[in-house]
Amino acid sequence: MSSVPDILLVEDSPTLGYALKEYLQMQHMRVVLGEDGEKGEKIFREQSFDLCIIDVMLPRQDGFTLAHKIRQIQPDVPLIFLTARGMKVDKLKGFNLGADDYIVKPVDEEELVARIRAVLRRSADAGSRHTDSQVGIFSIDWNRRLLLALGQEKQLTAKEASLLKMLVDRKEHLLRREVALKSLWGKNDYFNRRSMDVHIARLRKYLKDDPRLNIVNIHGKGFILEEK
C-alpha cells in the first residue's frame with residue numbers, strides 16, 4: 001500500500017457519497033465513487049484498491065453480493081460495510097463475508113477516518129513478512145498466505161493468516177481471546193467475537209486433513225492449537 005491509500009466507496013446516495021468522498025480526499029486518501037453495486041464491481045475489476053467501503057442497500061446489486069464477488073477476486077482486501085440497518089443479522093452476515101468493520105448511518109466522518117486507518121494498519125501488519133512454518137502435515141508460506149499439504153494449497157485471507165500465525169506461534173499454549181481481538185479486530189465486542197469464531201471455524205476446516213491437529217476452545221478464555 002502506498003502512503004496515500006486508494007479507497008473504493010460504493011454508495012447510492014449522491015449527497016452522502018459526494019460528501020464522504022470529499023472528506024476522505026481532504027484526509028489524503030484517493031477515492032473512487034461507485035453509485036450502485038454493478039458499477040462498484042466494474043470499478044473494482046478495473047482498478048486496484050487498498051480498502052472498500054460498501055453500502056449494504058445498493059440498487060442493481062446489493063452490498064453483500066458485491067462483497068462476495070470482491071472476496072472472490074481479491075480475498076484479502078479490507079472491507080467496511082456502511083448501512084442504515086443496525087440489525088444483528090445484517091452485521092453477522094457482513095462479518096461472515098469477512099468484513100473488517102461495520103458502520104451504521106448516520107456516519108461520523110472523523111470516526112470513519114479513524115476506523116479506515118485502523119483497518120489499514122491491521123492489514124499492513126498482517127502483510128508483514130515471516131519465515132515459513134511447518135505444523136503437522138502442513139507447510140505454511142506466510143508471505144504468500146498459502147497453506148500447503150498433500151499436493152494441495154489453500155489461499156488464506158490476511159486475517160485468517162494472522163490468526164493462524166498467532167495460534168502457531170503459541171502452539172500448545174493459550175491464545176487469549178482478548179489478545180487476538182485487540183490485535184486483529186481492534187476491539188472486543190459481540191460482533192467481533194462472532195467474527196473471530198467464524199474465522200476459527202474456517203481454520204479448523206482447513207486443518208482437518210491432519211487429525212493430529214486441533215484448535216481447542218477454552219471456554220471464556222481463548223484457543224489452543226494442539227498437535228497430538
*Restricting the first residue to the range 130-153 and requiring it to be among the basic types (Lys, Arg), which pairs with a second residue that is outside any strand (DSSP E or B) meet a Cβ separation below 8 Å and a spacing of at least six or different chains?*
Arg145/Asp76; Arg145/Leu156; Arg145/Thr157; Arg145/Ala158; Arg145/Glu160; Arg145/Ala161
*asked:* Return the residues of the range 179-215 that are surrounded by fewer than 13 Cβ atoms within 10 Å (Cβ to Cβ), free of Cβ contacts under 8 Å to residues at least 24 places away in the same chain and farther than 19 Å from Gly98 by Cα; say none if nothing qualifies.
replied: Lys208, Pro211
_If a residue counts only when it is aromatic (Phe, Trp, Tyr) and in the same structural domain as Ile103 (by TED's automatic domain parsing), which helices (runs of 4 or more DSSP H) contained entirely in the range 116-228 have at least 1 such residues?_
none
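The values are calculated or read from the model by the stated rules, or taken from the named source; none is laboratory data. Computed from a predicted structure; not experimentally measured. Cβ sites come from the backbone with ideal geometry, for glycine too, and all protein chains shown count toward neighbours.
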